[in-house]
Amino acid sequence: MPSSLAPACSTIPNKMAEYSVVLVEPLYDGNIGSIARIMKNFGFEELVLVNPPKLGGEARKMSMHAIDVLENARVFKNFKEVKNEFDFLVATSAISATDKNSMRNPVTPEHLQESLKTSGKIGLVFGREDHGLNNYEIKSCDVLVCIPANPSYPTLNIAQSAAIILYELKRSEFEKKLHKRKKFRRLNKVEKDVLIEKYDSVIDSVHVGDYERGLAKKTFRSLLGRAFVSGREAFTLIGVFRKISEKINR
């Protein structure tokens with residue numbers, strides 16, 4: 001059973017995924033404080049510490065306004081105890097699989113959300129500052145995530161790694177919310193077909209030659225394929241092309 005720096009709250013079942021940041025045998029309490037601050041920045045609340053150092057003034061100083069995250073951290077003696085606490089574990093590593101290593105191929109942070117289409121409790125596991133996670137710990141996890149970096153010096157500071165991964169998870173969540181709104185939602189097939197129809201009507205009215213018409217239509221379709229056109233933008237353009245066609249036909 002875990003010990004705690006403060007009374008642990010009971011977990012309320014939720015269909016949505018619940019994320020925890022798990023630090024395995026961190027060496028420096030300042031890094032723990034920095035990660036608590038980063039968690040607070042991106043809206044993550046549960047910090048899990050495996051055999052951590054004593055948390056002193058440096059941890060509290062680096063945590064800034066995230067002292068509640070630090071004080072509510074759950075502490076475990078070893079990684080085996082942590083495994084039973086989560087439904088899904090994500091290992092982080094600076095080094096991916098090689099020909100001499102049987103570790104699974106990693107995903108990058110931007111693709112992590114696609115690998116986490118699951119509910120329940122998810123632990124984001126970060127290793128020791130000096131040599132990361134060992135093979136047993138990585139094999140105990142369900143997914144391995146690796147941050148692309150300079151091959152000659154791929155190891156990032158643990159707080160920097162946490163910031164990148166937590167940002168990507170929060171960004172994916174934020175974008176999903178935005179795309180539900182018409183202003184930020186990408187145009188659907190019906191809107192796209194109507195937009196092309198109205199544009200083609202304008203082109204047929206102003207170009208006589210088949211070559212010019214074909215080129216103009218092909219160019220517009222290429223632009224639509226490359227650009228992010230929202231539902232609201234499509235609605236505006238459809239209205240513009242409709243008015244142009246009406247004036248030309250008059």
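The values are calculated or read from the model by the stated rules, or taken from the named source; none is laboratory data. What you see is a predicted model; the values in this text were computed from it and never measured. Cβ atoms come from the backbone with ideal geometry, glycine included; neighbour counts cover every protein chain shown.
Just a few scattered comments:
- Residue within the stretch 108-119 that is at pLDDT 90 or above and either in the same structural domain as Tyr28 (by TED's automatic domain parsing) or in a strand (DSSP E or B) (or both) present: no
Yes/no matrix, rows are residues, columns are (1) surrounded by 16 or more Cβ atoms within 10 Å (Cβ to Cβ); (2) under 29 Å from Glu175 (Cα atoms):
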site	(1), (2)
His111	no, yes
Lys117	no, yes
Gly123	yes, yes
Leu133	yes, no
Ile138	yes, no
Cys146	yes, yes
Pro151	no, no
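- Count of residues meeting criterion [of a type in the set (Val, Ile, Thr) and under 31 Å from the mean Cα position of the chain (by Cα)] in the stretch 205-239: 1
- Spans of strands (runs of 3 or more DSSP E) in the stretch 1-91 with at least 2 residues modelled with pLDDT of 95 or more, closer than 15 Å to Leu166 by Cβ and assigned by TED's automatic domain parsing to the domain that holds Asn135: 17-24, 46-50
- Meets criteria (in contact with a helix residue (DSSP H, G or I) (Cβ under 8 Å, 6 or more places away or on another chain) and part of a loop (DSSP other than H, G, I, E, B)) for Ile147: yes
- Subset of the stretch 144-168 [modelled with pLDDT under 90 and either of a type in the set (Phe, Trp, Tyr) or closer than 19 Å to Val48 by Cα (or both)]: Tyr153
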